[in-house]
Amino acid sequence: MRKSLTSIVVFLVVILLDLSASTYKWSAQADKKTAYVNEAIFLNYVCEFSDATELYTIDFNPVQDNEDFTIKLLKESQAIKNSKRVNTYEYMAYVKREGPISFDFDIAMKKTTQESIESTTKGHYDDSVRASFISVPMKQLALSINIKETPSKLVGEFALEVKQDIPKLNAYQPYHLEIEIQGVGNFFNIAPVSYIIDGVKVFTQGVVLKTDLSQGGEKGVWSQKFAFVSEKSFVIPEVAIEYFDVKSGKLKVLTVDGVNVSVEKSVYKKEDLLDIKEKKYLFYKKEFLYFPLIFLVGFLMAKIKLKKKKPQNSQEKLFFNSIKETTSLAKLCFLLVNKDAKKYEELISKIDSKEITSLKKAKNIVSKSIL
């Protein structure tokens, strides 16, 4: 009788412990059942526990990029709601092909064992015990979506803004143009714009992309700056950027209009400039009476320690710092064109013709012209 009573008590204790153990339940949802190729799809996964347990660790990370889709993490959080632990995982998915697709990612629920708890509470430091878990591998709830084809890889909602100079210049004066695209969509599919114009040197600062991931997709700004330099008038051709508008379900075009840039010819010809320099040189050469004075000035300057002049105004300092921080010859050329294309024409030409291939050497030449 006593043995039977003991068995019943043990059985009841086991049941009570089992009933008091933490349980969990997963839920999953997508914000759409049908989507276009490269359209942003919001995926939301929630794990709700029966209490505020801290015994479980969730191993769930579907972030990846493969031939079928790209998954990006939007937000991951853990909170206590109504005395229950809730883990939330939010992702953005971009599918690269048409047809049905199912998201059923792997997941593992890891629970700390009783030995681990006792090891921690009793102050034991046996790593083999403390690190013990009961791991339960499982599949996440499947989310099926039908993907429709689009006539363009660029998908979203976009608006274009073009910033440009007045198209009337002097010879070798740079003409600036900036293309800016704002909106929501897969900005990473916007190809860099390239201009090739006969008789015109085209400098670009490269693409600048600033985006923030949101529930509606990637929201941001894509921009690219250009500087065109020529000694004669030229035409910048029109550029068309196609994209698929998800709201209207239609193909649309962002158009950067062509520009006729009028360039006034220089008042001097190269031959005239050479003649002026040569006459100036001959003038000083004939004035032998200046030699003693020049010698005396040179002697005095050699005795006096002179400090190198540094950029005096804020614009010169900014330019000087920009030159020091630039990381490529292409970016250096862009800075020089913006500052004074005529002044640095010789250096730009040497870089363009590969006569100068060292960034350090080019920086030194510019720095000497500033100081």
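Distances between placed amide hydrogens fall under 5 Å for V259 paired with I236, all partners being 5 or more residues away or on another chain.
Among the GluC sites (Glu not before Pro) in the range 22-101, which ones are in a DSSP loop with at most 13 other Cβ atoms within 10 Å of the Cβ? Mind listing them? Show your work: numbers first, answer last.
On the way: sites: E39, E48, E54, E67, E76, E90, E98; in loops: E39, E54, E67, E98.
Answer by residue number: E54, E67, E98.
With a 1.4 Å probe rolled over the protein heavy atoms of all chains, the accessible area of F188, F42 falls in the order F188, F42, largest first.
With a threshold of 25 Å on the Cα-Cα distance, the over-threshold entries among K75/K163; K75/K331; K219/K252 are K75/K163; K75/K331. 3J(HN,Hα) couplings calculated from phi for the range 152-159 with the Karplus curve 6.51 cos²θ - 1.76 cosθ + 1.60 (θ = phi - 60°) are, in sequence order, 9, 6, 7, 10, x, 10, 10, 9 Hz; Gly and Pro show x. Quote the accessible area belonging to I196 in square angstrom, nearest 10, computed with a 1.4 Å probe and with ligands, DNA and RNA left uncounted. Looks like 150 Å² after rounding. In the assembled protein chains, S194 presents an accessible area of approximately 90 Å² (probe radius 1.4 Å).
The values are calculated or read from the model by the stated rules, or taken from the named source; none is laboratory data. The structure presented is a predicted model; accordingly, all values stated were derived computationally and were not measured. Neighbour counts are summed over all protein chains in view; Cβ atoms, including those assigned to glycine, are modelled from backbone coordinates with ideal geometry. Please note that ligands, DNA and RNA were not included when accessible areas were found on the heavy atoms of the full protein model with its side chains. Shrake-Rupley method; radii C 1.70, N 1.55, O 1.52, S 1.80 Å.
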